[in-house]
1. Kindly state which helices (runs of 4 or more DSSP H) lie completely within the range A:22-83 and contain at least 3 residues that are more than 10 Å from DNA strand C (Cβ to nearest atom).
2. Given the condition assigned to a helix (DSSP H, G or I), in contact with a strand residue (DSSP E or B) (Cβ under 7 Å, 6 or more places away or on another chain), within 11 Å of another protein chain (Cβ to nearest Cβ) and open to solvent by 30 Å² or more (accessible area, probe 1.4 Å), answer yes or no: does some residue in the range A:118-127 qualify?
3. Check A:ALA317, A:ALA256 and return the single one that is of a type in the set (A, V, I, L, M) and assigned to a helix (DSSP H, G or I).
4. If you check every pair at least six apart or on different chains, which have Cβ atoms under 6 Å apart with a residue in the range A:25-45 that is without any contact (Cβ under 8 Å) to a residue 60 or more places away in the chain and more than 19 Å from A:ALA66 (Cα to Cα) first and a residue that is near DNA strand D (Cβ under 6 Å from one of its atoms) and charged (D, E, K, R) second?
5. Looking only at residues that are out of contact with any Lys or Arg (no Cβ under 8 Å at 6 or more places or on another chain) and not in a helix (DSSP H, G or I) in the range B:91-117, which one is nearest to A:ALA84 (Cα to Cα)?
6. Report yes if some residue within the range B:238-245 is in contact with a helix residue (DSSP H, G or I) (Cβ under 9 Å, 6 or more places away or on another chain) and among the β-branched types (Val, Ile, Thr); otherwise report no.
7. Would you mind stating whether A:VAL168 is open to solvent by 20 Å² or more (accessible area, probe 1.4 Å), at pLDDT below 95 and either assigned to a loop (DSSP other than H, G, I, E, B) or not hydroxyl-bearing (Ser, Thr, Tyr) (or both)?
Number of protein chains: 2
Amino acid sequence: MSGEVCGNDDPVERRSPTIYDVAEAAGVSPSTVSRAFSRPGRVNAETAEHIRRVAHDLGYRVNPLARSLPVERTSMLALVVADATNPFHFEIIRGAQDAATKAGYTVLLTDTRESDLLERQALERTLPMVEGIVLASSRMSDSTIRVTAKQRPMVVLNRVVTGVPSVVTDISSGARRAIDHLRELGHDRFTYVAGPEASWTDGMRWRELRAATRGTGPKVRRIGPFPPTLEGGVTAGRALRRAPTGAVIAYNDLLAIGLMGELIGHGHRVPDDLSVIGFDDIFGAQLVTPGLTTVAAPLYQVGSTAVGHLLAVLNGARPQTEAPLVVPTSLIRRRSTGPYGGDPVK
Amino acid sequence: MSGEVCGNDDPVERRSPTIYDVAEAAGVSPSTVSRAFSRPGRVNAETAEHIRRVAHDLGYRVNPLARSLPVERTSMLALVVADATNPFHFEIIRGAQDAATKAGYTVLLTDTRESDLLERQALERTLPMVEGIVLASSRMSDSTIRVTAKQRPMVVLNRVVTGVPSVVTDISSGARRAIDHLRELGHDRFTYVAGPEASWTDGMRWRELRAATRGTGPKVRRIGPFPPTLEGGVTAGRALRRAPTGAVIAYNDLLAIGLMGELIGHGHRVPDDLSVIGFDDIFGAQLVTPGLTTVAAPLYQVGSTAVGHLLAVLNGARPQTEAPLVVPTSLIRRRSTGPYGGDPVK
DNA sequence: CAACATATGGCAACTTCTTGCCGGGCCCGT
DNA sequence: ACGGGCCCGGCAAGAAGTTGCCATATGTTG
């Protein structure tokens, strides 16, 4: 036990001990202390044990800055998300964080508020400190992304940028599942409520929906774009009320929920008059009434896969730039979809 | 314009330039380069301009690690939250991040998954790299917190730890507002659905509810504790069904929402049979049916205030350890509360 | 017992940047 | 004309680690 009594009225600011202090206290040289911690086996077991004990008594902790400087490894990863409060990103963040922690890495999470300017600034700030980058829902241009990817290993999420490794959900099968589900219920006319035009995912969803209906009977039309938020959903709902339609497939759950609320608020019944499907299965999709049927993706896996790949690259693996890594999707059936019951009330 | 053509098939790994490279290219000494960037005015304006131009052409960026080492300023703050996916924390995170960014600081966000072990580990890992710490909803003991607070300036949120600056919401007035609202509606019997025992906030809410009803007519009882989650709410709802009660005030919105769902699912009507009030006004409170009446707190402000105080301390201000900083609360009226309509159906 | 291999600790150089101090040139006052 | 201050650039010593290389001591082999 160390005497912690310090009578002076300056309680803070006792500089933390360095390997030099430990070295002196243990009667060895600084390099030996360094090795005792970072190069086990390189130093005699007893000496190492002794050093560790002394270090512990002194309250020594290695200074990660000083350590990183010579070895060029900060053990930090940047995770840049467009909106940290969008439920869509939660599990991605968790997955990334878990995978990173497991490997001894710390993740630097940055919320860019859907702004490509803020995104670039954040990158500017954090990039020099991290070994790799995960870009979730980036709002930057492909070319900016590619330039950045030259500086550090990078993985982009929910987007495909040629030349940069990416992780995406299986939109194709997701779209098909949604259509199949609705057709089983007897629907054969669909409306896709589009999200932001800048969204790669939005483009793909629309494409795949068309592909999934091509040739066969059912038809899908598209309205939008709308901001991918509750408010956007309300706007979309208004548009829908003016021009009723068959079943609705929305760009994401937020949009779907906002839209349902608007419709229900004006006397329409879901799913009796209108079936609604969203994407993502965010927190909230099970809360609304009726519960939202949605295409779920293993977002946690998206995050952990991304970090896993990043770490592999840092350990010398070749980046997977050819084809994106695809994670599967599944359909969560809730109450917002139901059998086709004739044309919706006007 | 620099010729960027490099024919070799090793596109990565061109070590980034240092002040030495810039110094050589500009024909000055490294220290001058350093000063040109970090000490404006100390060096001749023309020289500085020249250096900056050369640096830019070389693609030089200062290495924050190397910079931090001598000056002992990393420009990073740690924000440790018990659960980053709990909507309660969103605005706190945003507020903190904004305030930090504005001051040129980066925040290192860590999610501890409600585990005090993970929390200690995270702190262990990040503490040496940051200049200050914000602890939101810490699960650690008071004494552990106090020990940690000795190592770095710290602010705790939603909790009062003597000797450590803290920011809390005005629970007292919040509780009073909830009670007043319900009494205006004719209620005079209340049940507090308690959250985790370890929660400082929970204790305070219960205390203030009792204080708000003391002496006057209405009575408040307490059931719990329950985990502060949707599932916890379901459990609480079951308990409530067995022993019906007057109006319900829940520890937080998650609990309130889970509880409403359970009750409504079993034929009770909210608010006709039972009024429900939550705390926090999380995303989701406006989504459920009926919308949840809740005591809101300016969470964004909590986060930014915390960081603001931390930065002040880092700049030499005395930490505010006497009384906690209190931010006001307000009541958001939605549809989950209604006039007293006799005793609830059994 | 000589020759060689291995284990272990130390020296010093290195990572990138900051900063106290020094000194040469220049201006100014007397 | 000369001493005293600025201005501004450079030198070198840190900041806290890592690591290549060398020097022992010890062990092993022929």
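1. Details: elements: A:30-38, A:45-58, A:64-71.
Answer list for the range A:22-83: A:45-58.
2. Looking for residues that are assigned to a helix (DSSP H, G or I), in contact with a strand residue (DSSP E or B) (Cβ under 7 Å, 6 or more places away or on another chain), within 11 Å of another protein chain (Cβ to nearest Cβ) and open to solvent by 30 Å² or more (accessible area, probe 1.4 Å), one finds at least one in the range A:118-127, hence yes.
3. Numbers: A:ALA317 fails: assigned to a helix (DSSP H, G or I).
The unique qualifying residue is A:ALA256.
4. Matching pairs, first to second residue: A:ARG42/A:ARG35; A:VAL43/A:ARG35.
5. Here is the first cut: in the range B:91-117, the residues out of contact with any Lys or Arg (no Cβ under 8 Å at 6 or more places or on another chain) are B:91-105, B:107-110, B:113, B:117.
Next cut, not in a helix (DSSP H, G or I) only: B:103-105, B:107-110, B:113.
Values: B:ALA103: 20, B:GLY104: 20, B:TYR105: 18, B:VAL107: 13, B:LEU108: 14, B:LEU109: 11, B:THR110: 13, B:ARG113: 17 Å.
Residue satisfying both the conditions and the ranking: B:LEU109.
6. Taking every residue of the range B:238-245 in turn, none turns out to be in contact with a helix residue (DSSP H, G or I) (Cβ under 9 Å, 6 or more places away or on another chain) and among the β-branched types (Val, Ile, Thr).
7. On the way: open to solvent by 20 Å² or more (accessible area, probe 1.4 Å): no; at pLDDT below 95: yes; either assigned to a loop (DSSP other than H, G, I, E, B) or not hydroxyl-bearing (Ser, Thr, Tyr) (or both): yes.
The answer is no for A:VAL168.
For every residue, the table says whether it meets (1) without any contact (Cβ under 8 Å) to a residue 12 or more places away in the chain; (2) open to solvent by less than 10 Å² (accessible area, probe 1.4 Å); (3) acidic (Asp, Glu); (4) closer than 20 Å to A:LEU123 by Cβ.
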position	(1), (2), (3), (4)
A:VAL81	no, yes, no, yes
A:PHE90	no, no, no, no
A:ASP98	no, no, yes, no
A:ALA103	no, no, no, no
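The values are calculated or read from the model by the stated rules, or taken from the named source; none is laboratory data. Since the structure is predicted, the reported quantities are computational estimates derived from the model, not experimental observations. Every residue, glycine among them, receives a Cβ derived from its backbone with ideal geometry; neighbour counts consider all protein chains shown. Please note that ligands, DNA and RNA were not included when accessible areas were found on the heavy atoms of the full protein model with its side chains. Shrake-Rupley method; radii C 1.70, N 1.55, O 1.52, S 1.80 Å.
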